[in-house]
1. With the crude spin-label approximation of a point 7 Å out along Cα→Cβ, what separation in nm comes out for B:I275 versus B:M183?
2. Residue by residue through the range A:319-331, which ³J(HN,Hα) values in whole Hz follow from phi under the Karplus form 6.51 cos²θ - 1.76 cosθ + 1.60 (θ = phi - 60°), with glycine and proline marked x?
3. Could you put B:W101, B:W172 in order, starting from the residue whose Cβ has the fewest other Cβ atoms within 10 Å?
4. Extent of chain B along each principal axis, from alpha carbon coordinates, in Å, largest to smallest?
5. Would you mind working out the magnitude of the charge dipole of the protein assembly as shown relative to its Cα centre, with +1 at each Lys and Arg C-beta and -1 at each Asp and Glu C-beta, to the nearest 20 Debye?
6. Output the direction-averaged projected area (hull surface divided by four) of the convex hull of the alpha-carbon atoms of the range B:1-126, in nm².
7. Given N residues in the range B:264-325, what is Rg(Cα) / (2.2 N^0.38 Å)?
8. Evaluate E = 1/(1 + (r/R0)^6) for A:K184 and B:N169, where r is the Cβ-Cβ distance and R0 equals 22 Å; express this FRET efficiency to the nearest 0.05.
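Since every read-out is calculated from the coordinates, none of them should be taken as a lab result. All values reported here derive from a predicted model rather than from experimental measurement. So basically every Cβ, Gly included, is an ideal-geometry build from the backbone, and we count neighbours across all protein chains shown.
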Amino acid sequence: MSAPVLHIKHYYALAPHWQQPMANDLGAELIEEKLLELPKSIGQGGSYFLEVIPGLSLLLADVTFHTPITFTRLATTDHFYLAYYDLSDEISSHIVEGTDHKIGYRSKLGMGFMDSQTESTLIPTLNERYYSLRLFMSKELLISLMGNSKPQNIIEALFDETKNTLFFYSHIDSSTRLLLKELKERSFNDPSFELHAKGTALKVLTHLIRRARNFEPIIQKLSSSDTTAILNTSQYLLDNLPLDFPGVTFLAELAGMSESKYKKLFTKIVKSSPKSFFLEEKLLLAQNLLQSGNFHSIREVALEVGYSKTGYFSEAYKKAFGTLPQEVFIKTTN
Amino acid sequence: MKEVTHEYGIDLFWKNNLAEQLDGYVDGNYLRIPQEIHSGTRYVLPISPFTTALIIDVTYNQPVTFHQRNTKDDFIGVYFNLTEGEAFHVLDEVSRPVGRWNYNLAIMDSSLDADYIIQEGSKTYMISIFIAKTAFKAYLGKLPQFKEILDEVFDSKKNTFIRYERMTNEAWWLIEELRKIDMDDPLYDVFLKGTVYALMANYMDQVANQEILIEKVVKEDLTAIISSQSTLLDLITEPFPGISSLANTACMSETRYKTLFKKITGLSPNAFFLINKLSSAKQILENGEVTIGEVSAQFNFATPSHFAELFKNAYGVAPKDHLSYF
């Protein structure tokens, strides 16, 4: 019999007061309003919360859960924005015995940005280190940092919640990944941890804003069912990277939307069209497989990700990464 | 020659005076200084209620003498200084240069006066961080070796914060990254704050391995030690002059001389002398045309094999093997 799933409903805020109710529900210890330590029965580790500058707070979670748990973040009336960076949620691959494809892989988007007024659910993997950074940002701070990247009326419309929902999913950019990997090496108890964490959060914020400035503004309200439907199709694409692109007609049907609405919302949330997203992800998986040391030839990798002609594969790969597959390929030693 | 008497602080009351002394004015976060004095920017940003940062990115167009005379003794200045060339000189009572400031990181108690001259043509990039002693105390209190002596360390009757040293590679990279950011972008302030926290974190990691010497220091002591270092560098080919003669020149007891030297530089006078001797000898060897025996004699080492042994201890390779890489 499996253990009953613990379901924690909580909310976040820019100020530290949200932590105590969550600590109570988890039976966790809250130290100095910043360090939350889980009871051993639930997991190893905890979270670390800091107010960094006015309008910016950070929450780091470093936990290995031992018991099944689900977190639901409730919508708040207190209005701010959240950015998630989950280091654990990126591409990973492993050898699978006895199937058509010898490689099993998991691909997820490790970064998300959303309004605190939308609800979300997290189900962490058991017995695996879950390491993630969340930034809580006030609307005023974000608007002030957009600079002259877009006309002022567009910026205002983007942040006007009666006209637009800010929401997107993506991979973690490489500068941010590097910063998070460095922070991950440190314990919450390091004397310099607080300073390192603040420095990291501020730099991650600058990377986030730089990306956001380049996004094509698509001003549209999102319902939570629309959002879920789009994310389901993007996960469908991620789960089927070795196949051919299934086509927008099929995906729109899967999402229960018209094709034009589907394409618009997909681009708003994922920042690429469905087809280019699929091809980019396919090549990212290929990059991962090329460097995995599990293949005898580039042709094998090309076939694995659904290219029947190695030449086409190499050309697409070079276009995406600027290097040819053979420059990064690590041949299997078996 | 421009003479500037100024002060710093966590609150920004000093900005106007410093700008005026340099014939300039305050413009938001910037101090605008005329080209005759220096080109480039001076930029002040409060980081938190306990911390303020000053960025100096300038080329001096005339020599400027700075007399730092703080009226507040409630903060510590941490100065990351990437000045190019032999530009920074420490002055004595009658404003004579007594030695070059050959470090790139200084931690100084705001109660300590300091006089510097910066030469014409020198390029300075410096991040100064002013941290409230209360905040500094909270951070250092987390380090095990500070726990027991924390109150004594922060008792201004007993102790003065002063340390000249080299910044870590990580700190250097953090500063290089900041230098690439456009100062007119609103993101600059966010990135600068991030850099300041990262530099403070990096400094905490650096200080975690250091020995703490509790001692009161005044400006004359600092001048005497820098002057003494200069003397040692001038005598670099000679044998070590001995503590008693050095202490005598610095007008201090031997014990106090040794303590202050170590407190300020992290090294004993002997170790400082040896490290610099070996480094000079290494440079001459690398230039070629001399033998190990000749260099050993030139720098007054007892024997070439003694020199080789000290060299190997310092750099991990014997001088002969080191040369074969060239």
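1. Calculated label separation equals 3.3 nm.
2. These are the phi-based 3J(HN,Hα) values: 5, 6, 10, x, 10, 7, x, 5, 6, 10, 5, 10, 6 Hz.
3. With the fewest neighbours first, B:W101, B:W172 line up as B:W172, B:W101.
4. Largest first, chain B extends 62, 44, 39 Å along its Cα principal axes.
5. 1120 debye
6. The orientation-averaged projected area of the Cα hull of the range B:1-126 comes to 7.1 nm².
7. Rg over 2.2 N^0.38 Å, computed on Cα atoms: 1.09.
8. For R0 = 22 Å, the calculated efficiency reads 0.60.
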